[in-house]
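Quick notes on the structure that follows.
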Amino acid sequence: MAVDDLRGMADQELVDELYDTRRELMNLRFRAATMQLSDVNQIKSTKKRVAQILTVMRQRELESVVE
């Protein structure tokens with residue numbers, strides 16, 4: 001999912017996406033700890049997606065304060 005797609009989402013959709021992505025990250029970490037994860041790069045990309053979602057949420061928060 002691209003950052004532009006995230007910017008097009010509503011606030012509640014972003015919150016839901018953040019929840020789902022963090023849950024996915026937790027599952028990936030469990031799978032990595034139990035040696036069931038074959039592609040450990042998924043953890044890195046999922047962490048990046050969490051950061052992108054948080055960035056978009058913060059940008060919206062700052063825009064609302066400025067206005």
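The long axis of helix 11-33 is offset from the longest Cα principal axis of the chain by roughly 20 degrees. Per residue, the average separation of C-alpha pairs within less than 8 Å and at least 6 apart gives the chain a relative contact order of 43 percent.
Report, in deg cm²/dmol and to the nearest 500, the calculated mean residue ellipticity at 222 nm for the chain, where each DSSP H run with n ≥ 4 adds -39500 (n - 2.57) and the sum is divided by the residue count.
Details: 3 runs with 54 residues, N = 67.
The per-residue figure over the chain is -27500 deg cm²/dmol.
Does the stretch 3-66 come out rounded, prolate or oblate by the C-alpha gyration tensor, with a ≥ b ≥ c the root eigenvalues, rounded set by a/c under 1.5 and, if not, prolate when a/b is larger than b/c and oblate if not? Could the numbers behind the result be given before it?
Values: a/c = 3.16, a/b = 2.79, b/c = 1.13.
Note, shape of the stretch 3-66 comes out prolate.
Helix 41-66 and the longest principal axis of the Cα set of the chain meet at an angle near 10°.
A short reminder: the numbers here are calculations on the coordinates, not readings from a lab. Just so you know, these numbers come straight off a predicted model, no measurement behind them.
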